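The values are calculated or read from the model by the stated rules, or taken from the named source; none is laboratory data. None of these values were measured; they are calculated from a predicted model. Here Cβ is always computed from backbone atoms with ideal geometry, including for glycine, and neighbour counts include all displayed protein chains. Only protein heavy atoms, including side chains, enter the accessible area calculation; ligands, DNA and RNA are left aside. Shrake-Rupley method; radii C 1.70, N 1.55, O 1.52, S 1.80 Å.
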Amino acid sequence: ETIVECHTKAEAERALELMAPNILINNYDRITQTYYPNQAVQLAGLFPGSGGPIITLATGGIDTTDNMKRHLSVGYDAVVVGRATMGSPRAPEFIRAVRDRTLLPAELSAWGLEEVEFDPDGNVTTGPKRDLLNDADPNVLQ
């Protein structure tokens, strides 16, 4: 898979026009050597939401758990980090926070859907394997 790295709104719009499957918004513009701490957050509205069809990632200066959660809460599917984990004594804390399953896609985070499960296509399922057939149940059709 290809990841298209974008630094500006124009670049992100071009990546969308080209139907890039994975788009990375970098808060740090390597061309101008300028850090824009809110760039990814401001551009998040360009994308159709987390979970696809386009996978969106944010990077650049995301070095605290609050900053990471902020980027995920506006709809990014993932964050790419460096300093937050490379040589940092707080790396284990940061990694635990990233792996926290209570982080939901932005469009669901305020709806109280913590117990809702989704299939790989993003469709709501009946829950965490609650309604699966049990072979030991005598009422299961054979």
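General remarks:
- Residue-level accessible surface for VAL81, protein heavy atoms, 1.4 Å, Å²: 50
- Residue-normalised accessible area of the stretch 27-91, expressed per residue, 1.4 Å probe, Å²: 53
- Amide proton proximity set for TYR28, modelled H, under 5 Å, gap of 5+: TYR36
- Taking all protein chains together and a 1.4 Å probe, the residues ARG90, ARG83 rank ARG83, ARG90 from largest to smallest accessible area.
- 5 Å binning of all Cα-Cα separations within the stretch 44-87, expressed as whole percents from 0 upward: 5, 26, 31, 19, 12, 5, 1
- Largest accessible area first, the residues TYR76, TYR36, TYR28 order themselves as TYR36, TYR28, TYR76 under a 1.4 Å probe with ligands, DNA and RNA left out.
- Accessible surface of ASP66, taken over heavy atoms with a 1.4 Å probe and every protein chain present, rounds to 120 Å².
- Residue among THR34, ILE3, ILE23 farthest towards the positive dipole end of the stretch 1-79, charges placed on Cβ: THR34
- Karplus-derived 3J(HN,Hα) values for the stretch 90-97, using 6.51 cos²θ - 1.76 cosθ + 1.60 with θ = phi - 60°, are 9, 4, x, 5, 5, 5, 4, 5 Hz; glycine and proline are entered as x.
- Put simply, the amide H of ILE23, placed in the peptide plane, has neighbours under 5 Å in VAL4, ILE55, THR56, LEU57, leaving out anything fewer than 5 places away on its chain.
- Rg followed by Dmax, in Å, when the stretch 3-79 is reduced to its Cα trace: 11.3, 32
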